[in-house]
Amino acid sequence: MNKIALITGASSGIGAATAEAFAESGINLILCGRRIEKLEELKAKLEQKVEVRILTFDVIDFKAAQDAIESLPQEWKNIDILVNNAGNAHGMSPIHEGEIADWEMMIGSNITGLLNVSKIVLPKMVERQTGHVVNLSSVAGKQTYENGAVYCATKKSVEALSEGMRLDLTKHGIKVTNIAPGAVETEFSVVRFKGDKARAAKVYEGFAPLTAKDIADAINYCVMAPDHVTIADMTIYAKAQAAPTTVYRK
């Protein structure tokens, strides 16, 4: 049977692109997200190549995530690859002007959500002594920048969790990969700027940003590496980007 991958945040952006890359590699898919119509569109596109299941839940809600994953048929519960992609950035204010609601959304999705889904999936990987976890961090997890303290803190947490998972799980035959993208043109900035598309577009003006497909191709490369190879950590910048807030524009 083909390998099975569960991808959170699969309704758009890097999650959807990763699903497409995995489908090309013959990996069966469990697509997770909150926007059922987007997941249905992706399923219709990919089920000509691989088997696809859809689960709708918010990763912040442990019970909802557990009920959804436990609802899978038995043959789908042996998940080989977990891609913890769900996450968000909300607001870009100095720390003393930040909104509690924004902080809660980022901490909830970027940290708690990752832990919730991992808690549900990992025990079966340990039982089977095989598996691969891919966590989506960010270059913001490598270097903190002005007006992004809480978002950067959540992504530094992902970096620490990736390291900790590797220490705890390698002896069980489980690989752990941390992916840290730079500027990727997806819905990221639209969400960060709360729907202000004009402001979001300026983030990517004057240079060629990364695409969701670029990151998906990197994730697929890590997952398809030989069994004895673990790509532990990968930082990916656009050619014009030298650091999180250093971009050379034309």
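The values are calculated or read from the model by the stated rules, or taken from the named source; none is laboratory data. Keep in mind it's a predicted model, so treat the numbers as computed, not measured. Here the Cβ positions follow ideal geometry from the backbone for every residue, glycine too, while neighbour counts run over all protein chains shown.
Looking at the range 175-187, can you tell me whether even one residue there is surrounded by fewer than 14 Cβ atoms within 10 Å (Cβ to Cβ) and among the small types (Gly, Ala, Ser)?
Looking through the range 175-187, none of the residues is surrounded by fewer than 14 Cβ atoms within 10 Å (Cβ to Cβ) and among the small types (Gly, Ala, Ser).
With the requirement that a residue be hydrophobic (A, V, I, L, M, F, W, C) and either modelled with pLDDT under 95 or touching a His at 6+ places or on another chain (Cβ under 6 Å) (or both), what does the range 107-137 give you?
126
Could you grab the pairs with beta carbons closer than 7 Å, sequence gap of 6+ or different chains, first residue in the range 68-85 and farther than 12 Å from residue 177 by Cβ, second one assigned to a loop (DSSP other than H, G, I, E, B) and of a type in the set (Lys, Arg)?
80/3
Only residues that are more than 25 Å from residue 82 (Cβ to Cβ) and of a type in the set (A, V, I, L, M, F, W, C): list them for the range 192-250, please.
193, 198, 200, 201, 203, 207, 208, 238, 240, 242, 243, 247
If you take the residues in the range 60-96 that are among the acidic types (Asp, Glu) and outside any loop (DSSP other than H, G, I, E, B), which one is nearest to residue 191 (Cα to Cα)?
Step by step, filter the range 60-96, then rank; the result is 67.
Considering every residue within the range 35-48, establish whether at least one is under 30 Å from residue 149 (Cβ atoms) and crowded, with 20+ Cβ neighbours inside 10 Å.
Within the range 35-48, not a single residue is under 30 Å from residue 149 (Cβ atoms) and crowded, with 20+ Cβ neighbours inside 10 Å.
Just give me the residues in the range 100-158 being touching a Cys at 6+ places or on another chain (Cβ under 7 Å) and over 28 Å from residue 171 (Cβ atoms), in sequence order.
Those that are touching a Cys at 6+ places or on another chain (Cβ under 7 Å) and over 28 Å from residue 171 (Cβ atoms): 140, 144, 145.
Across the range 183-215, what is the total count of residues that are assigned to a helix (DSSP H, G or I), in contact (Cβ under 8 Å) with a residue 24 or more places away in the chain and farther than 23 Å from residue 242 by Cβ?
Going through the range 183-215 one residue at a time, the tally reaches 1.
If I filter the range 137-149 for residues that are crowded, with 18+ Cβ neighbours inside 10 Å, touching a Pro at 6+ places or on another chain (Cβ under 9 Å) and over 21 Å from residue 219 (Cα atoms), do I get at least one hit?
Yes.
Please determine, by comparing only the residues of the range 97-135 that are among the acidic types (Asp, Glu) and part of a helix (DSSP H, G or I), which one is surrounded by the most Cβ atoms within 10 Å (Cβ to Cβ).
102
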